[in-house]
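The values are calculated or read from the model by the stated rules, or taken from the named source; none is laboratory data. This structure is a prediction, so every number in the text was calculated from the model and none was measured. Reconstructed Cβ throughout: ideal geometry from the backbone, glycine too, with neighbour counts over all protein chains shown. We work out accessible area using only protein heavy atoms, side chains counted, and drop any ligands, DNA or RNA first. Shrake-Rupley method; radii C 1.70, N 1.55, O 1.52, S 1.80 Å.
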Amino acid sequence: MEAFIKIIFSCIFVAFLAIRWTSNFDAESLRGAKVLVTGSSKGIGEQMAYHYARFGAKIVITARSKDTLQKVVEKCLSLGAQEAFYIAADMSNESDLDRVVDFALKKLGGLDYLVLNHIGSTRVAMWDGDVEHAKWLMKINFFSYIQMAWKALPSLEKNKGSLVIVSSLAGKMPSPLTAPYVSTKSALNGFFGSLRHELAMKKSNVSISVCTLGLIDTETAMSKVKGKVNMPAYPATEAALNIIITGATRQPELFYPWFTYIWTLTKDWIPSFTDYVVQRSYNYNP
């Protein structure tokens, strides 16, 4: 009962903050900002590119599909981006990772924001023992992030820049049917949480923002979870804007939707209840 009361009061408090809190976000701060966004041919990354464009930023986007990237760049320019470039790349290829950062540094003359958003494809299903797939997914969803972050850090340091990591609620509260994916997001949270402390201890100019997202209504996500989950999805364009504001205001964390933060508390306060809700949020018949 005591734990339940704590949760109720926490919900009320967070809801109050969500309603009353106003960000110190200054849209003008992004005018002319030099931004690299990965995984930006569709979904959240595409929406972030469009938001940055509306704010008048200078943008480099990357993903695998050259044709799709070209269309996104054209739209970014029509929306108000000062400059927009694309580079097709495979995030599982180590040489491509450095090539993308070098391209952005050359085209933009430095970086103010590195937004790491790309993910590899994985099934929503019981783990079948495929260790090789887990290794491959870790390479894209985790190791590529830390390699690109390290490559970009000198420029971000020079420009008092921000490193923005798009993660997931699954990285803080494991869910079924996504074991390889969950492991990659848990690794992101741990690594960049630790790196944030290290940068602060070194009096670095670089901020790190880790963005914890719930289920977002991207085409890819919706196709994978169709008929498998019983939970609402939230708009990609709104998630993208919240991510951008979090990076621009140098906040260490984002929870979107806001109540995902509550779920991260319940797993410690009332774990049996949380397990019950999580397991019944998925459709599975043995």
message: Helix 179-201 against the longest principal axis of the chain: what's the angle in degrees, Cα atoms only, rounded to the nearest 10?
response: 60 degrees
- line: Rounded to the nearest 10, the angle in degrees between the Cα long axis of helix 94-108 and the longest principal axis of the Cα atoms of the chain comes to 50 degrees
task: Please express the Cα-Cα pair-distance distribution P(r) of segment 28-281 as a list of whole percents, one per 10 Å bin, running from 0 to the bin with the greatest distance.
output: 7, 32, 38, 18, 5, 0
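Count charges around K203 for me, please; just the other residues with Cβ under 15 Å from its Cβ, Lys/Arg as +1, Asp/Glu as -1.
+3
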statement: Within the chain, the percent of DSSP beta bridges that are antiparallel, given to the nearest 5, stands at 5 percent
Cβ-Cβ FRET estimate between K158 and K71, R0 fixed at 35 Å, reported to 0.05: 0.60
task: Taking the Cβ of P252 as the centre, find all other residues whose Cβ is under 15 Å away and add up their charges (Lys, Arg: +1; Asp, Glu: -1).
output: +1
message: Solvent-accessible area of E198, probe 1.4 Å, all protein chains present, reported in Å² to the nearest ten, please.
response: 90 Å²
field: Relative contact order [Cα under 8 Å, 6+ residues apart], the chain, whole percent
entry: 18 percent
- prompt: Can you list the HN-Hα couplings for segment 204-209, worked out from phi with the Karplus curve (6.51, -1.76, 1.60; θ = phi - 60°), rounded to whole Hz and with x for Gly and Pro?
  reply: 5, 7, 8, 9, 10, 10
task: Pop a pseudo-label 7 angstrom from the Cα along the beta-carbon direction at both T237 and S281 and give the gap in nm to one decimal.
output: 2.6 nm
task: Once you've got the Cα coordinates, tell me which of K42/K139; K185/K228; K135/K203 are over 27 Å apart.
output: K135/K203
task: Might you work out the accessible area of W127 for me, using a 1.4 Å probe with all protein chains in place, and round it to the nearest 10 Å²?
output: 140 Å²
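If Lys and Arg each add +1 and Asp and Glu each add -1, what is the summed charge of the other residues whose beta carbon sits under 9 Å from the beta carbon of T68?
Values: positive: K42, R64, K66, K71; negative: E46, D67.
After counting each charged neighbour, the total is +2.
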task: Please work out the C-alpha center-to-center distance from segment 103-119 to segment 215-286 and express it in whole Å.
output: 27 Å
field: Farthest toward positive dipole pole in the chain [+1 Lys/Arg, -1 Asp/Glu at C-beta], among Y284, G110, Y181
entry: G110
